[in-house]
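This report concerns only the one structure given below.
The values are calculated or read from the model by the stated rules, or taken from the named source; none is laboratory data. Fair warning: this is a prediction, and the values are worked out from it, not measured in the lab. Accessible surface areas use protein heavy atoms only, side chains included; no ligands, DNA or RNA. Shrake-Rupley method; radii C 1.70, N 1.55, O 1.52, S 1.80 Å.
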Amino acid sequence: FQVLKGIEVDIHLDGTLDQDDDMLERLDVVTASIHSKLRQPSFELTPRMVAAVSNPRTNVLAHCTGRIVVGRGRPQSDFDTEKVFRACLANDVAVEINSRPERCDPPDDLIELARDLGCLFTIDSDAHAPGQLDFKYLGCERAERLGIPAERIVTTWPVEDVLAWARGAK
């Protein structure tokens, strides 16, 4: 098997990524996500996300709403989902189906919107410890239940196809 080099980078307030281009060029797959200022108003958060997925090194938009559905929870961020998913489609960026049970991010209706727009997807465990790698089955179940065909799920592709897509002509 082949181990790919990847990273999850933070999306800054201005939509840039928190790693420099030289470092990102050395990676196979770059996942971008927002970890701060999740409560920004839509008119600020939407262009931030669009800028990040328009970066030619971004391959995946992860846990796009930032929501947490257990315990005290955290409501999902407010952004123009159609505009962001259309930017993902235009830039060949996959939308992550986050498998962590406390996230279920994006929610089903947003996965359906991205599906209907024609977006690609990844299924990610978002594991923070080895035992959490098993979470992937939850994302797989959601993708199947929501009618996401395997050919649109990058994480089901042969490695050569993943690398060709990730290095694509963006």
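Here are some notes:
- Using a probe of 1.4 angstrom and keeping all protein chains present, the accessible surface of the stretch 6-167 works out to 47 square angstrom per residue.
- The chain: C-alpha gyration tensor shape, a/c 1.5 cut-off, then a/b vs b/c: rounded
- Annotation for the stretch 16-65 versus the stretch 76-132: alpha-carbon center distance of 13 Å.
- Tensor-based shape of the stretch 30-76 (alpha-carbon gyration tensor, a/c under 1.5 rounded, otherwise prolate or oblate): oblate
- Amide H to amide H, with H built 1.01 Å from N, Ile68 comes under 5 Å of Arg74, counting only residues 5 or more places away or on other chains.
- The chain, accessible surface, carbon-and-sulfur percent (1.4 angstrom probe): 53 percent
- 3J(HN,Hα) couplings calculated from phi for the stretch 13-30 with the Karplus curve 6.51 cos²θ - 1.76 cosθ + 1.60 (θ = phi - 60°) are, in sequence order, 4, 8, x, 7, 9, 7, 10, 7, 4, 4, 5, 5, 5, 7, 9, 8, 9, 10 Hz; Gly and Pro show x.
- The phi-based Karplus calculation (6.51 cos²θ - 1.76 cosθ + 1.60; θ = phi - 60°) puts the 3J(HN,Hα) values of the stretch 126-139 at 6, 5, 10, 7, x, x, 7, 4, 5, 4, 4, 4, 5, x Hz, whole numbers, x for Gly and Pro.
- Only Cα pairs under 8 Å and 6+ residues apart enter the sum, and on that basis the relative contact order of the stretch 6-167 stands at 18 percent.
- For the chain, the antiparallel share of DSSP beta bridges with both residues in that region comes to about 10%.
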